[in-house]
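**Q** Shown below is the structure under consideration.
The values are calculated or read from the model by the stated rules, or taken from the named source; none is laboratory data. Owing to the predicted nature of the structure, the values given are computational and were not obtained by experimental measurement. Ideal geometry is used to build each Cβ from the backbone, glycine not excepted, and the neighbour counts take in all protein chains shown. These area figures cover heavy atoms from the full protein model, side chains too; ligands, DNA and RNA do not enter into them. Shrake-Rupley method; radii C 1.70, N 1.55, O 1.52, S 1.80 Å.
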Amino acid sequence: MGKKVLVLAEIKDGKLRHVTYEALTVAQQVAQGGEITCALFGSDSAVFTDEISKYGANTLYVVNDERLEVYTTDAYVQTVRQLVDEVEPEVILMGHTAIGKDLAPRLAARLKLGLISDCTEAVLDDDTVVFTRPIYAGKAFQRRRFRNGTVFATLRPNNFEVLEKPVETEVVPFLPAIKDLRTTVKEIVKKTTGGVDLSEAKIIVSGGRGVKSANGFKPLEELAEVLHGAVGASRGACDADFCDYSLQIGQTGKVVTPDLYIACGISGAIQHLAGMSNSKVIVAVNKDPEAPIFEAADYGIIGDLFEVVPLLTEEFKKAIA
Ligand code: FAD
């Protein structure tokens, strides 16, 4: 029998986040012909209706409330709780983003649901969904399922192929009763990562302690710009104050799965690999042929990054022109 699936969509900088399309695709698979409901939050979320209907959502709950324009934990927990009571889903899906990591555990606790977080795969087996998630900093993978009750899972961005499935979407306005808010956002100060969101970037050029200074990131930024990618960093580079911690990739930083990861002057410590080893293609540039990063890399370039990276930039410029 088909399952009722609720997808909690995310809007960032006026666009739907890519992981929302991934969640809708997983919903198509999980629903097995059941109803897919998507929920959008903000003051003008109805503008995304056409886009959402391309990805299989039968119903779209439009939660137009200006207090949801910017994420705050208390407003979202209250709203989604009421929404779950209304929709009564059997499966709830959302991205394992900064918002997902904050919201999902709180919501799961309030709704007394189990949560499978940071999933990288979802397959159907014996009428239940089996989710795969990395454990031990990506060294092993665990398969989890709920045999009974509502299934709640967050999905790691950039791990699921997006499939279109155009359907007729019924739009349902939803007005939550939000009260006693303890948080008000007065200002948002953005840290820049070269304009491309690191956790959803298809190409990442990352620098480690080998870049030697904040200025040493310049050639990496130029390469990232040519490739329309984002710049990332190891904790070594962040600790040395060469860049901001918002760029850190790894066990205690961001987990990324781009199509191409170019590691420059990064030794390849296990804690760094935990954040990027699932990248589809890894290129390492390091002057030490014994650096452990070469074991994780698909392509290795032994050399000085200050010579190699500008050469790569020039060659890509020619290839793209
Ligand atoms: P290094 O290990 O110093 O490596 C620098 C590399 O640059 C060397 O391989 C060197 O050969 C190469 N190099 C130097 N000059 C050049 C040049 N001119 N051209 C080419 N190559 C050059 N680390 C993370 O990255 N992310 C995390 O999330 C993270 N979490 C951690 C959590 C815990 C609990 C702990 C204990 C550690 C964590 N670390 C993390 C730190 C991690 O263990 C390493 O210390 C760190 O990743 C090292 O950074 P690095 O590779 O930039 O520096």
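**Q** How high is the relative contact order of the stretch 197-321, in percent, with contacts defined as C-alpha pairs under 8 Å that are six or more residues apart?
**A** Values: 272 pairs, mean separation 30.1, N = 125.
Answer for the stretch 197-321 is 24 percent.
**Q** As a test of reading the structure, rank Asp118, Asp288 by solvent-accessible area (1.4 Å probe, protein chains only), most first. Could you put the intermediate results ahead of the total?
**A** Details: Asp118 25, Asp288 70 Å².
Solvent-accessible surface, decreasing: Asp288, Asp118.
**Q** Let me ask you something else. Which percent, to the nearest 5, of DSSP beta bridges fully inside the chain are antiparallel? Kindly include the intermediate steps, with their values, before the conclusion.
**A** Working: 12 of 57 bridges.
If I count the DSSP bridges inside the chain, around 20 percent turn out antiparallel.
**Q** Calculate, for Glu290 and Ala214, the FRET efficiency according to 1/(1 + (r/R0)^6) with r their C-beta to C-beta distance and R0 22 Å; round to the nearest 0.05. Let's see the in-between values first.
**A** Working: r = 27 Å, r/R0 = 1.24.
Efficiency, rounded to the nearest 0.05: 0.20.
**Q** At 1.4 Å probe radius, can you tell me the per residue accessible area of the chain in Å²? All intermediate terms of the calculation are to be shown ahead of the outcome.
**A** Values: 15870 Å² over 321 residues.
Roughly 49 Å² per residue, with all protein chains present.
**Q** Starting from the Cα-Cα distance between Thr128 and Leu175, subtract it from 0.36 nm times their residue separation and give me the gain in nm to one decimal.
**A** Numbers: separation 47, 0.36 × 47 = 16.92 nm, distance 3.25 nm.
Roughly 13.7 nm would be gained on extension.
**Q** Counting Lys and Arg as +1 and Asp and Glu as -1, what is the net charge of the other residues whose Cβ lies under 14 Å from the Cβ of Val123? The partial results should precede the final answer.
**A** Values: positive: Arg133, Arg143, Arg144, Arg145; negative: Glu121, Asp125, Asp126, Asp127, Glu161.
Net charge around Val123: -1.
**Q** Ignoring ligands, DNA and RNA, what percent of the accessible area of the chain is carbon or sulfur (1.4 Å)? Walk me through the intermediate numbers first.
**A** Details: 7850 of 15870 Å².
Summing carbon and sulfur atoms, their accessible area is 49 percent of the total for the chain.
**Q** Mind giving me the FRET efficiency for Glu187 and Val47? R0 is 22 Å, r the Cβ-Cβ distance, nearest 0.05 is fine. Working shown, then result.
**A** Values: r = 25 Å, r/R0 = 1.13.
It comes to 0.35.
**Q** According to the square roots a ≥ b ≥ c of the eigenvalues of the Cα gyration tensor, what is the shape class of the chain, taking rounded for a/c under 1.5, prolate for a/b larger than b/c otherwise, and oblate for the remainder?
**A** Here the chain falls in the prolate category.
**Q** Given axes a ≥ b ≥ c from the Cα gyration tensor, I'd like to know whether the stretch 79-159 is rounded (a/c under 1.5), prolate (a/b larger than b/c) or oblate. Working shown, then result.
**A** Numbers: a/c = 2.05, a/b = 1.32, b/c = 1.56.
Note, shape of the stretch 79-159 comes out oblate.
**Q** If you don't mind, there's one more thing I want to ask. Pick out, in residue order, every one of the trypsin sites (Lys or Arg not before Pro) in the stretch 121-163 that is DSSP loop and has at most 12 other C-beta atoms within 10 Å; say none if there are none.
**A** Numbers: sites: Lys139, Arg143, Arg144, Arg145, Arg147; in loops: Lys139, Arg145, Arg147.
Sites meeting the loop and neighbour criteria: Lys139, Arg147.
**Q** Still on this model: DSSP loop GluC sites (Glu not before Pro) in the stretch 207-295 with at most 13 other Cβ atoms within 10 Å of their Cβ, which ones?
**A** On the way: sites: Glu221, Glu222, Glu225, Glu290, Glu295; in loops: Glu290.
Sparse-neighbourhood loop GluC sites (Glu not before Pro): Glu290.
**Q** Right, another one. Cβ neighbours within 10 Å, averaged per peptide: list 60-73, 204-217, 165-178 in order, most packed at the top.
**A** Details: 60-73: 18.1, 204-217: 22.4, 165-178: 13.6.
Highest-to-lowest ranking by the protection proxy: 204-217, 60-73, 165-178.
**Q** Is there a pair in Lys139/Lys190; Lys139/Lys202; Lys12/Lys101; Lys15/Lys139; Lys12/Lys254 whose C-alpha atoms are over 26 Å apart, and which pairs would that be?
**A** Lys139/Lys190; Lys15/Lys139
**Q** May I pose another question? By accessible area of protein heavy atoms, probe 1.4 Å, what ranking do Ile302, Ile270 get, highest first?
**A** Details: Ile302 110, Ile270 80 Å².
These residues rank, largest area first, as Ile302, Ile270.
**Q** Let me ask something additional. Using Cα positions and a limit of under 12 Å, work out the aspartates and glutamates in reach of Lys179, with same-chain residues fewer than 8 apart set aside.
**A** Qualifying aspartates and glutamates at Cα under 12 Å: Asp74.
**Q** Could I ask something else about it? What is the stretch 104-230's relative contact order, in percent, from Cα pairs under 8 angstrom and six or more apart in sequence? Please list the in-between numbers first.
**A** On the way: 123 pairs, mean separation 22.6, N = 127.
After rounding, I find 18 percent.
**Q** Report, in whole Å, the centroid distance computed from the Cα atoms of the stretch 253-321 and the stretch 118-170.
**A** So the two Cα centres are separated by 29 Å.
**Q** Something else about it: What is the sum of charges, Lys and Arg at +1 and Asp and Glu at -1, for the other residues whose Cβ falls under 12 Å from the Cβ of Pro219? Don't skip to the answer; put the middle values down first.
**A** On the way: positive: Lys212, Lys218; negative: Glu221, Glu222, Glu225, Asp304, Glu307, Glu314.
Combined, the nearby Lys, Arg, Asp and Glu give -4.
**Q** Give me the accessible area of Lys12, 1.4 Å probe, in Å² rounded to the nearest 10.
**A** Surface accessible to solvent at Lys12 totals approximately 90 Å².
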